[in-house]
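J.: My structure is below; once you've seen it, I'll send some questions.
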Amino acid sequence: TSIYGGYFGAAQGVLFISLLSIFQPGNLQRSNAVKNVLALCTNTVAAVVFVLIAHVDWGAALLIAIGSVVGGQVGAFAGRRMRPRLLRWIVVAVGVVVALKLLIA
């Protein structure tokens, strides 16, 4: 999941949540927090590798970084306050939409 997420990124969170739900006992809010830390680590390593081996468009990278930080904070804030059942249904719905989009595209 980390190799896939570090290169491609799409649906990385859904994959992490799915695996954490299977292998880590606990509630969905805790899994969501662990997912965020894992995604941060994965994307940091991937960013370092890309900076070292490829040309980086720093303007685009800055916009993506800002969007990621803001989205992560908003998502964490909302995820902590949602009922676990609602959060689980949202994760399933997003996963299905992403899967269909990738299959159709």
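J.: Put +1 on the Cβ of each Lys and Arg and -1 on the Cβ of each Asp and Glu in the chain; which of Ala60, Leu28, Val45 then has its Cα farthest toward the positive end of the dipole?
T.: Most positive-ward Cα: Leu28.
J.: Moving to a separate point now. By how many degrees, 0 to 90 and rounded to 10, does the Cα axis of helix 58-81 deviate from the longest principal axis of the chain?
T.: 10
J.: Roughly how tilted is helix 12-23, in degrees to the nearest 10 and between 0 and 90, from the longest Cα axis of the chain?
T.: Once rounded, the angle reads 40 degrees.
J.: Here are a few candidate values for P(r) over Cα pairs in 10 Å bins from 0, in percent: (i) 13, 33, 23, 13, 12, 4, 1, 0; (ii) 14, 45, 28, 10, 3, 0, 0; (iii) 13, 43, 33, 10, 1. Which one was actually calculated from the structure I just gave you?
T.: (iii)
J.: So how tilted is helix 84-104 from the main axis of the chain? Cα-based, degrees 0 to 90, rounded to 10.
T.: It is inclined by approximately 50 degrees.
J.: While we're looking at this one, here's another question. Report the FRET efficiency, 1/(1 + (r/R0)^6), for Val92 and Val37, where r is their Cβ-Cβ distance and R0 is 25 Å, rounded to 0.05.
T.: According to the calculation, E is roughly 0.70.
J.: Restricting to Cα pairs below 8 Å that are 6+ residues apart, what does the relative contact order work out to for the chain? Please round to a whole percent.
T.: The normalised contact order for the chain reaches 33 percent.
J.: Classify the range 26-83 as rounded, prolate or oblate, taking a ≥ b ≥ c as the square roots of the eigenvalues of its Cα gyration tensor: rounded when a/c is under 1.5, otherwise prolate if a/b is larger than b/c and oblate if not. Intermediate results must be reported in sequence, preceding the final value.
T.: Details: a/c = 6.28, a/b = 1.95, b/c = 3.22.
Here the range 26-83 falls in the oblate category.
J.: For the chain, what is the charge dipole size about the Cα centre, in debye to the nearest 20, if Lys and Arg each add +1 at the Cβ and Asp and Glu each add -1 at the Cβ?
T.: 580
J.: Additional query: Ordered by residue, what ³J(HN,Hα) values in Hz, to whole numbers, does the range 41-55 give under the Karplus form 6.51 cos²θ - 1.76 cosθ + 1.60, where θ = phi - 60° and Gly and Pro are x?
T.: With coefficients 6.51, -1.76 and 1.60, one gets 4, 4, 6, 5, 4, 4, 4, 4, 4, 5, 4, 6, 10, 9, 6 Hz.
Coordinate-derived values only; no laboratory data. Computed from a predicted structure; not experimentally measured. Note that we place each Cβ from the backbone using ideal geometry, even for glycine, and neighbour counts take in every protein chain shown.
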